[in-house]
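Values in this text are rule-based calculations from the coordinates and carry no lab data. Computed from a prediction, not measured in an experiment: that's the story for all the values here. Here the Cβ positions follow ideal geometry from the backbone for every residue, glycine too, while neighbour counts run over all protein chains shown.
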Amino acid sequence: MIRTTPITLSFLMLSPQLKKTIQQCFKYFRDEIPNFVSRKEQNYMVAEIAKILAGEYERKRRIGVIEAGTGTGKSLAYCLGAIPLALSTGKKLCISTATVALQEQLLAKDLPLFRQYSRLDFQYGVVKGRQRYICSSKLELLADSKASNEIALWQHQPDKSDLDLISALWQAWLDKKWDGERDSWPKVIKDSIWQHIASDKFSCNKQLAAHRGCPFHKARDIIDKLDVIIVNHSLLLADLELGGGTILPEPDSMFYVIDEAHHLPEQARNFSSASSSLLATIDWLAKFDIFAKKISGTVKTERLIGPVMQLCDNSNELVSDLKLVKQWLSTNSQLFNNDDKRHRFEHGVLPESLVVLAENCLTSSKSGLKYLNKIHQVVLELYKDGAISPWLIEPLLVDIGSNLNRMENQVKLWQMLSFKQSTKSAPMVRWIELTDPIKNEFFLRASPIEVGYFLEDKLWSQAHGVILCSATLLALDSFDNFKKAAGLKDNDGTQFVKLLSPFDFDKNSKLIIADMPVEPNDPSFANELVSQIKKRVKGQMASLVLFTSYKQMNQVAKDLRDQHNISLLVQGEASRSALLKLHKDKCDNNLPSILFGTSSFSEGLDLPGNYLTNLIITKLPFAVPSSPVEQAHAEYIKSKSGNPFLILTVPDASRKLIQACGRLLRNEQDQGTITILDRRLVTKRYGKSLINSLPPYKLTIEQ
């Protein structure tokens with residue numbers, strides 16, 4: 001059941017001391033923060049979060065899903081509802097976000113403000129993945145020109161600017177003017193440089209004396225001192241895949257707030273996928289003889305003779321197995337006679353002959369991983385015992401770590417391609433792409449359709465308490481779509497709460513369904529867009545026009561410029577930040593500005609006040625099931641006698657349409673007009689459902 005009626009800040013069964021703390025904090029905010037607005041929706045959210053996490057609704061499963069409409073003030077609400085409880089129970093609070101922008105807002109604004117006015121004593125900080133930090137040993141090796149030349153650490157010959165940057169990074173690290181974190185360096189560090197100096201789990205080991213002072217391990221040591229940990233969804237999922245408690249504290253020792261939670265299922269699916277290039281893998285394995293000679297020449301010990309020989313034999317076996325896969329694909333080249341040069345196996349079922357080959361590749365890759373782990377273990381032990389110079393071992397550990405990463409990926413891919421599927425769950429999506437017809441290069445991919453089981457097993461059943469929140473969790477005014485994707489159920493103890501936005505939509509905004517003579521599938525639709533947009537931006541000072549495709553956006557922009565000499569700011573013609581600055585500068589100088597964007601401008605774009613008063617949505621955001629995962633999902637629903645358009649496409653469009661319309665009003669004082677140039681809202685049966693799921697704008701349907 002969805003609860004929607006806001007109430008006052010009351011807590012029922014929470015301890016008297018905790019209730020007093022939360023209420024006192026709220027009083028400080030109300031009395032001391034300039035222009036603080038007390039919102040009943042925000043008060044209700046605070047109370048619900050505190051009660052859910054305290055176990056008042058369900059002690060064994062403390063999970064809440066909360067849609068908080070724009071303007072609710074959800075960041076302050078979840079801080080106030082969760083931080084006092086976490087502090088009083090000795091638990092940590094982990095806040096996970098989908099975007100860097102929200103992480104930065106929490107770190108630089110929301111949490112400092114909360115700590116200042118709440119009078120609560122707590123420590124907070126951002127925790128990033130290992131790959132965002134340097135390995136100081138790797139950097140030192142590359143910064144030493146003699147060592148760098150002798151051990152040939154570079155995969156490609158570096159130019160002078162690369163070497164100068166490495167030298168500058170190393171000197172800044174030595175002088176303690178840089179903390180070794182990629183994002184804190186004042187300029188962008190190219191991927192081609194960063195991959196050589198980034199920390200990795202195999203070569204950067206805290207047990208080794210040379211690595212104890214690495215920035216990654218320093219950052220990890222700080223976690224124990226933090227009460228509030230800010231992460232992104234990717235890092236959270238990485239920790240969960242490792243079983244929890246490896247990167248972050250144990251799940252049962254933390255409360256989680258997952259902000260922008262509508263992104264979590266899709267990111268979990270991407271995280272659970274695997275892929276590999278066939279020819280590139282064969283080329284990599286063919287170099288294992290060179291790798292073996294490097295090991296034997298660097299480490300003189302009989303303990304490595306057996307594993308190294310077995311690894312070489314195994315790599316040859318895996319190459320043979322992969323060549324048989326390539327031969328099978330080349331023989332069945334008709335599978336790729338389509339525009340995408342792609343073949344997706346229907347219902348994820350591979351031909352039996354290919355299954356056998358996949359099982360052989362799995363066996364060989366597992367053996368390769370076993371021998372690599374043995375080599376890694378022996379080298380680490382010799383290193384810890386001081387038997388070999390760090391200058392000799394460090395580059396070897398880098399090579400071993402790189403090979404272990406790639407072999408782990410091989411095991412994951414072939415497991416996903418070869419395992420026998422259950423008829424009780426959604427099938428695996430399995431597909432192959434012909435990426436280079438001349439070289440006959442194939443890319444093999446596998447992905448789950450549904451990831452609810454992963455989230456249930458790794459997070460929902462393990463965490464002490466979880467709050468999932470976003471401004472767009474409902475689709476067609478229902479949580480069903482999100483529940484299915486996230487592996488949650490009505491009767492599992494999870495609490496579902498919908499909080500309406502405090503904005504006066506009927507008074508401050510108009511929603512116009514335009515009188516369009518044609519629908520989007522008509523060949524003349526683009527020409528009609530040019531005419532409609534020209535008419536509807538005339539006399540407007542701040543317009544945003546949203547498209548569903550780059551191609552159509554660029555064509556309409558070209559026609560408006562060529563035919564009508566209209567000045568436009570178009571996504572892709574400059575960086576996002578540069579476009580927004582130009583737009584705001586024009587608005588500040590009372591000059592009309594028209595901003596064109598696609599789906600990425602429909603979410604997370606904040607243009608308050610006079611920066612946006614005229615929003616035009618050219619087309620309903622229906623996703624075409626072009627990706628193999630989307631196609632397979634639709635196929636699976638059909639196999640269960642369902643309608644994928646109604647079950648997947650329409651709810652997804654509903655959520656995206658709400659997000660797009662949400663660009664207009666960003667605070668209580670904002671005003672403006674939303675115009676939708678898609679007549680299907682009134683000509684199709686699903687249109688009424690889409691309109692009803694939107695906030696209560698003042699609606700006009702042009703005739």
Give me the Debye-computed log₁₀ of I(q)/I(0) at q = 0.11, 0.12, 0.15 Å⁻¹ for region 274-448, equal point scatterers on Cα only, no solvent, two decimals.
-0.53, -0.61, -0.84
Between 0 and 90°, nearest 10: helix 160-174 axis offset from the chain longest Cα axis
80 degrees
P(r) tail fraction, the chain - alpha-carbon pairs more than 52 Å apart, %
17 percent
Rounded to 10°, Cα long-axis angle of helix 352-384 versus longest principal axis of the chain
70 degrees
At a Förster radius of 35 Å, what calculated FRET efficiency corresponds to the Cβ-Cβ distance of Gln555 and Ile701, to the nearest 0.05?
0.80
Restricting to DSSP loop positions (anything but H, G, I, E, B) with no more than 16 other Cβ atoms inside 10 Å of their own Cβ, which trypsin sites (Lys or Arg not before Pro) remain in region 69-123?
Arg119
Relative contact order in percent for region 518-589 (Cα pairs under 8 Å, 6+ apart) equals 25 percent
Calculate, in nm to one decimal, what Lys640 and Val100 gain on full extension: separation in residues at 0.36 nm each, minus their alpha carbon distance.
190.5 nm
So, with points 7 Å from each Cα along the Cβ direction, the Arg303-Glu668 label distance in nm works out to 6.9 nm
Candidates per GluC sites (Glu not before Pro) in region 611-703, loop by DSSP, up to 11 other Cβ within 10 Å
Glu702
Would you mind calculating the gained length between Asp562 and Asp506 on full extension (0.36 nm times residue separation, minus the Cα-Cα distance), in nm to one decimal?
16.4 nm
Additional length obtainable on full extension of the chain from Asp480 to Val188, 0.36 nm per residue less Cα span
100.9 nm
Are there trypsin sites (Lys or Arg not before Pro) in region 516-609 that DSSP puts in a loop and that have at most 13 other Cβ atoms within 10 Å, and which ones?
Lys538
Averaged over all directions, how much area does the convex hull of the C-alpha atoms of region 169-324 cover when projected, in nm²?
13.8 nm²
Roughly what would the spin-label model give for Lys688 and Glu181, points 7 Å off Cα along C-beta, in nm?
5.3 nm
Using C-alpha positions alone, give me the convex hull volume of region 556-703 per residue in cubic angstrom.
152 Å³
At q = 0.17, 0.19 Å⁻¹, what log₁₀ I(q)/I(0) does region 158-239 have when each alpha carbon counts as one equal point scatterer in the Debye sum?
-0.87, -1.07
Express the C-alpha Rg of region 471-514 as a ratio against the empirical globular expectation 2.2 N^0.38 Å, rounded to two decimals.
1.58
What one gets for region 52-180 as the Kirkwood radius, inverse of mean 1/r over different Cα pairs in Å, is 18.9 Å
What angle, in degrees between 0 and 90 and rounded to the nearest 10, separates the Cα long axis of helix 525-537 from the longest principal axis of the Cα atoms of the chain?
60 degrees
Check: C-alpha center region 270-292 vs C-alpha center region 551-583, spacing in Å is 42 Å
